[in-house]
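Visitor: A single structure is presented below for examination.
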Amino acid sequence: LTNSEFEQRLELAIDATGLILRLPENASSLNDFRGHLRESMLSLITIMEAFRLTPVGCEVPFPAKDKEAFEIDGIGQFGARIDFLMTNNSGQYVIFDFKWSFSKSYAEKIEKDLSIQLELYRQTVKATYPDKEVAGVGYYIMPRKQLLTSDFDELPGKKLVKHIDQVA
């Protein structure tokens with residue numbers, strides 16, 4: 001699909017949400033973005049294949065319907081849109097949050113156990129599906145083509161996954 005549909009899907013997405021990229025002064029930025037995005041998607045697919053992950057959906061809303069109320073103990077009512085929800089071979093959920101950034105702050109958040117967004121997503125999925133576990137969460141840093149996580153091991157010979165140990 002990356003070879004046959006990437007350009008068409010990108011053009012539709014730009015038409016829907018990123019028309020500023022069509023301005024003549026942004027032609028170079030669009031070209032760079034196009035290349036980074038394609039490479040990032042291929043790296044993401046490699047990670048999914050290595051961990052045998054199957055997509056459930058993108059921008060998955062919790063709660064599923066606007067009129068439903070969802071509460072987390074100690075927080076109260078809560079709503080989320082998970083960037084990328086998947087399952088592994090055991091049927092456990094895996095959550096990736098996409099970031100378009102070169103910042104080191106996401107690695108630091110995981111290391112210092114301050115990645116509140118990821119933990120809220122984990123707890124939201126666990127509360128919604130109490131009979132299932134969340135096998136892992138992580139930030140997928142798109143321009144770096146790298147998953148930052150404390151839940152998965154690095155892939156031998158590749159720099160696609162950065163395992164981060166959390167300090168207590």
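Visitor: Is there any pair linking a residue in region 45-60 that is closer than 21 Å to Gln146 by Cβ and touching a residue at least 40 places away in the same chain (Cβ under 8 Å) to one that is hydroxyl-bearing (Ser, Thr, Tyr) and open to solvent by less than 50 Å² (accessible area, probe 1.4 Å), with Cβ under 9 Å and at least six apart or on different chains, and which?
Guide: Note: pairs meeting the criteria are Ile45/Thr2; Ile47/Tyr140; Leu53/Thr87.
Visitor: On to the next question. Kindly indicate the residue of region 45-69 that is of a type in the set (Gly, Ala, Ser) and at pLDDT 90 or above and also surrounded by the most Cβ atoms within 10 Å (Cβ to Cβ) among those meeting that condition.
Guide: Ala50
Visitor: State yes or no: is Ile14 open to solvent by 30 Å² or more (accessible area, probe 1.4 Å), of a type outside the set (Gly, Ala, Ser) and in a helix (DSSP H, G or I)?
Guide: In short, no.
Visitor: Give the residue that is farthest from Met41 (Cα to Cα), with candidates limited to residues of region 72-86 that are part of a loop (DSSP other than H, G, I, E, B) and of a type outside the set (Gly, Ala, Ser).
Guide: So, considering only residues that are part of a loop (DSSP other than H, G, I, E, B) and of a type outside the set (Gly, Ala, Ser), the one farthest from Met41 (Cα to Cα) is Asp73.
Visitor: Also, I was wondering about something else. With the checklist (1) over 20 Å from His36 (Cβ atoms); (2) of a type outside the set (Phe, Trp, Tyr); (3) open to solvent by less than 20 Å² (accessible area, probe 1.4 Å) in hand, flag the one item Val161 doesn't pass.
Guide: Going through the list (1) over 20 Å from His36 (Cβ atoms); (2) of a type outside the set (Phe, Trp, Tyr); (3) open to solvent by less than 20 Å² (accessible area, probe 1.4 Å), Val161 breaks only (1).
Visitor: Could you tell me which numbered condition Ala135 fails, if it satisfies all but one of (1) more than 16 Å from Asp113 (Cβ to Cβ); (2) modelled with pLDDT under 95; (3) small (Gly, Ala, Ser)?
Guide: For Ala135, the failing item is (2).
Visitor: Something else about it: Being touching a residue at least 12 places away in the same chain (Cβ under 8 Å) and open to solvent by 40 Å² or more (accessible area, probe 1.4 Å) is the filter here; which residues of region 25-44 pass it?
Guide: The answer is Phe33, Arg34, His36, Arg38, Glu39, Met41, Leu42.
Visitor: Need the failing condition index for Gln166 against (1) part of a loop (DSSP other than H, G, I, E, B); (2) in contact (Cβ under 8 Å) with a residue 60 or more places away in the chain, just the number.
Guide: Answer for Gln166: the failing condition is (2).
Visitor: Another question, then. Return the pair list, or none, for Cβ contacts closer than 8 Å from residues in region 71-92 that are touching a residue at least 12 places away in the same chain (Cβ under 8 Å) and exposed (fewer than 14 other Cβ atoms within 10 Å of the Cβ) to residues that are in a strand (DSSP E or B) and of a type in the set (Gly, Ala, Ser), at least 6 apart or on different chains.
Guide: Close Cβ pairs satisfying both conditions: Ser90/Ala135.
Visitor: For region 133-147, give me each residue that is under 13 Å from Leu44 (Cβ atoms) and among the hydrophobic types (A, V, I, L, M, F, W, C).
Guide: As a first pass, look at region 133-147 and keep what is under 13 Å from Leu44 (Cβ atoms): 138-147.
Once the filter is applied, which keeps residues that are under 13 Å from Leu44 (Cβ atoms) and among the hydrophobic types (A, V, I, L, M, F, W, C), region 133-147 yields Ile141, Met142, Leu147.
Visitor: Sticking with this structure for a sec: Taking region 87-112 only, how many residues are under 17 Å from Ala135 (Cα atoms) and either of a type outside the set (S, T, N, Q) or not in a loop (DSSP other than H, G, I, E, B) (or both)?
Guide: 8
Visitor: From the list Gln92, Gln123, exactly one residue is touching an Asp or Glu at 6+ places or on another chain (Cβ under 8 Å) and of a type in the set (S, T, N, Q). Which is it?
Guide: Working: Gln123 fails: touching an Asp or Glu at 6+ places or on another chain (Cβ under 8 Å).
Of the residues listed, the single one that is touching an Asp or Glu at 6+ places or on another chain (Cβ under 8 Å) and of a type in the set (S, T, N, Q) is Gln92.
Visitor: Kindly evaluate Arg22 against the criterion of being open to solvent by 80 Å² or more (accessible area, probe 1.4 Å), modelled with pLDDT under 85 and out of contact with any Cys (no Cβ under 7 Å at 6 or more places or on another chain). Steps first, please.
Guide: Values: open to solvent by 80 Å² or more (accessible area, probe 1.4 Å): yes; modelled with pLDDT under 85: yes; out of contact with any Cys (no Cβ under 7 Å at 6 or more places or on another chain): yes.
Spelling it out, Arg22 is indeed open to solvent by 80 Å² or more (accessible area, probe 1.4 Å), modelled with pLDDT under 85 and out of contact with any Cys (no Cβ under 7 Å at 6 or more places or on another chain).
The values are calculated or read from the model by the stated rules, or taken from the named source; none is laboratory data. Predicted model only: the values in this text are computed from it and were never measured. Because the Cβ atoms are built from the backbone with ideal geometry, glycine has one as well, and the counts that use them run over all protein chains shown. Just so you know, the surface numbers come from the protein's heavy atoms only, side chains and all, with ligands and any DNA or RNA stripped out. Shrake-Rupley method; radii C 1.70, N 1.55, O 1.52, S 1.80 Å.
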